[in-house]
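Undergrad: Please read through the structure below; I'll follow up with questions.
Bear in mind that the values in this text are calculations on the coordinates, not laboratory data. Bear in mind the structure is a predicted one, so any value in this text is a computation, not a measurement. Neighbour counts run over all protein chains shown; Cβ positions are idealised from the backbone, glycine included.
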């Protein structure tokens, strides 16, 4: 029998797929729907200390090869979001709470609140490319990232995963800082900083001008980052960026990802994408003579 079971520290997933943060994960109804559709875990929308409206429209551009978005981290705030988490806890899969903040004290406060609400793990958004004072602005510094992870690990008992930005020349250094501070894994990657200009109106299309590129266009970047991180780290890597098919998933796994997050493909293909990918993975493992998903993690390094 083929096993897709995946382990991340003491977190056990029935399969390696997760719903990525910010995609249909802002309400209990959408979290439960993703769980019922075959996702092995669900990552919530990134939540901050206080309610945040986000940027005005337009906030999303659809391209032939993906999307550019600049939402501005809209969220109801940690106190209000607690109800959504509590209403989701019986969904049958681990819920991972995504949080964003401007310093280690605020991160620790949010992490503790998420743990009290009952999430199974935390994802630290250290990589949003378009929110001033948050995300990538602090996530490109190994020193700051190390302090944040260390402070949170002192405050919570659940696993802590740090979501990394590709918009830096210090990807490995930042990831090593996560590991050395006691982080339980890294998520690679978040969106790539990008923009688009209207030739008719002669101005940037997004209200924020800059946004984050996601979808198939960034898959080769994500694969490269996971491959490099696998050689540098002992902690698990969660791969994300442009995964739409089981073939995409296999690439990430062979590059060194232990688990996978799916975001843009849900918008494009619907929630059925989880079962489609998992069924494809099962057929691939059976065809190639493997019995478990962990047997292909990192195999692309064996012939290097």
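Undergrad: As a test, work out the antiparallel percent of DSSP beta bridges whose residues both lie in the stretch 6-301, rounded to the nearest 5.
TA: Values: 16 of 41 bridges.
Counting DSSP beta bridges with both partners in the stretch 6-301, the antiparallel share is about 40 percent.
Undergrad: Still on this model: Roughly how many Å is it from the Cα centre of the stretch 255-269 to that of the stretch 201-236, as a whole number?
TA: Cα centres, the stretch 255-269 to the stretch 201-236: 13 Å.
Undergrad: Just want the ordering: 195, 71, 53, from fewest to most Cβ atoms lying within 10 Å of their own Cβ.
TA: Placing the least packed residue first, the sequence is 53, 195, 71.
Undergrad: Need the C-alpha centroid separation for the stretch 70-133 versus the stretch 1-36, integer Å.
TA: Rounded to whole Å, the Cα centres lie 16 Å apart.
Undergrad: First measure r as the distance between the Cβ atoms of residue 63 and residue 169, then evaluate 1/(1 + (r/R0)^6) with R0 = 30 Å and state the FRET efficiency to the nearest 0.05.
TA: On the way: r = 26 Å, r/R0 = 0.86.
Computed FRET efficiency for residue 63 and residue 169 comes out at 0.70.
Undergrad: Between residue 89 and residue 291, 0.36 nm times their residue separation minus their Cα-Cα distance comes to what?
TA: The span from residue 89 to residue 291 would gain 69.7 nm if fully extended.
Undergrad: Can you match Rg and Dmax of the Cα atoms in Å to one of these, [x] 19.0, 57; [y] 18.8, 66; [z] 18.0, 58, based on a calculation from the structure here?
TA: Here Rg and Dmax of the Cα atoms in Å agrees with entry [z].
Undergrad: Using Cβ contacts closer than 10 Å as the measure, can you line up 248, 79 from fewest to most? Walk me through the intermediate numbers first.
TA: On the way: 248 22, 79 12.
Lowest to highest Cβ neighbour count: 79, 248.
Undergrad: Let me ask something else about it. Gain in length, residue 205 to residue 7, computed as 0.36 nm per residue apart minus the alpha-carbon separation, to one decimal in nm? Mind dumping the intermediate values first?
TA: Details: separation 198, 0.36 × 198 = 71.28 nm, distance 4.16 nm.
Stretched out fully, the residue 205 to residue 7 stretch lengthens by 67.1 nm.
Undergrad: Using only alpha carbons, build the gyration tensor for the stretch 1-119 and give me the equivalent ellipsoid semi-axes, biggest first, whole Å.
TA: After scaling each eigenvalue by five and taking roots: 24, 20, 13 Å.
Undergrad: Now a separate question. Select from 216, 16, 204 the residue whose mean-square fluctuation is largest in a Gaussian network model of the chain (Cα-Cα springs shorter than 10 Å).
TA: Looking only at 216, 16, 204, the largest GNM fluctuation is found for 204.
Undergrad: Next question, about the same structure. Alpha carbons only, please: Rg and Dmax for the stretch 149-304, in angstrom.
TA: So, for the stretch 149-304, Rg and Dmax equal 17.4, 56 Å respectively.
Undergrad: Obtain the radius of gyration and the Kirkwood radius of the stretch 130-207 from its C-alpha atoms and give Rg over Rh.
TA: 1.14
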